[in-house]
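The values are calculated or read from the model by the stated rules, or taken from the named source; none is laboratory data. In this text the structure is predicted, and so the values were computed from the model without any measurement. With ideal geometry, Cβ positions are generated from the backbone for all residues, glycine too; neighbour counts draw on all protein chains shown.
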Amino acid sequence: MAALKTENQDNQWLLSDINWSKLDLTSVTPELLAAVKTAALVEANSGDYVIYLHNIFPNDAEFKRLADIWGEEEVQHGAALGRWAELVDPTFDFSSRVDHFRSLYQLPLNVSESVRGTNEGELIARCVVEAGTCSYYSAIRDFTQEPVLKQICTYIARDESRHYRLFKDNGLKRASLGFFQRLKVAIGRVVEVNDDELGYAWHAANAPLEEIGVNYDREKCTGMYNRIVAGMYERKHMDAAVHMVASAIGLRSQSRFMQLFKKIAWWRLKKYSQSGAVFFSP
Ligand SMILES: [Fe+2]
Ligand SMILES: [Fe+2]
């Protein structure tokens, strides 16, 4: 893969920078593998989101240029995670699983306005996603003993933090929404965690090939994924995610709202880890 043209050369990494030979299969559980396969598909599908961003920011050449770079980095995240999953599980064909996912789930590309109602809302929703992915890969990095995955997630978490700042800075430039409008967008995007994107990604990544698109159960798929993810999070990862989201909507770090949101988020995450369908090896 060619080197990415990032804004900061220090952030640049390549698949060839990963110490693939250090792979330690003994420290990979089926649950961790299933979660990584799922994340790989979502990341790999980011190209469509670049098209969507171009559609809704048609006159902002600089933002579109940054969105192109962002998209390349997200696709590289998928490639790194997908390669790792293929090495751990040689029966896993990343490319064909991505195709299956794309046949099940696609972003609305024939739009000229953000589905969030405003472009500022779109950028806030992106901050929620990047805050979530930053905390997710940080959690895996700290949870896993597998050295290659740890390295990959260290790189990716760093990228996601930078992506968050990209969208946050561009959102601040456009600031026109009131606090409660921004809060509504953020909560709406958080709730979407249980929508079909992750559910289909789980299904396309982990179901037996002959069952893909046939026996899809969103609640079961998102339940298994959320349960595994919740088991890897520590309080610090969730607090960091809440802090990033709250900061994107304009909350001060010491506000009582911030502390309340952190408590609610942690409580909700623990509910996920105690409920939901139990993972079964596909
Ligand atoms: Fe990513
Ligand atoms: Fe990202």
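Observations on the structure shown:
- The helices (runs of 4 or more DSSP H) located wholly in segment 180-272 that include 1 or more residues which are under 18 Å from F101 (Cβ atoms) occupy 196-206, 218-232.
- Any hit, segment 228-244, residues being more than 16 Å from Y136 (Cα to Cα) and not small (G, A, S): no
- Considering V98, V129, the condition of being within 12 Å of ligand 1 (Cβ to nearest atom), under 18 Å from the mean Cα position of the chain (by Cα) and under 18 Å from Y49 (Cβ atoms) is satisfied by V129 alone.
- So D93, is it touching a helix residue (DSSP H, G or I) at 6+ places or on another chain (Cβ under 7 Å), closer than 27 Å to E211 by Cβ and without any contact (Cβ under 8 Å) to a residue 60 or more places away in the chain: no
- The condition (being surrounded by fewer than 17 Cβ atoms within 10 Å (Cβ to Cβ) and either β-branched (V, I, T) or in a helix (DSSP H, G or I) (or both)) is satisfied by just one residue among E62, E31: E62.
- R182 meets each of the listed conditions (1) crowded, with 20+ Cβ neighbours inside 10 Å; (2) more than 16 Å from ligand 1 (Cβ to nearest atom); (3) over 28 Å from K271 (Cβ atoms) apart from (3).
- Taking first residues from segment 249-269 that are under 19 Å from C127 (Cβ atoms) and at pLDDT 85 or above and partners that are surrounded by 11 or more Cβ atoms within 10 Å (Cβ to Cβ) and acidic (D, E), the Cβ contacts under 6 Å between residues at least 6 apart in sequence or on separate chains come to K262/D239.
- Qualifying residue in segment 82-99 (condition: modelled with pLDDT under 90, more than 16 Å from ligand 2 (Cβ to nearest atom) and buried (at least 17 other Cβ atoms within 10 Å of the Cβ)): no
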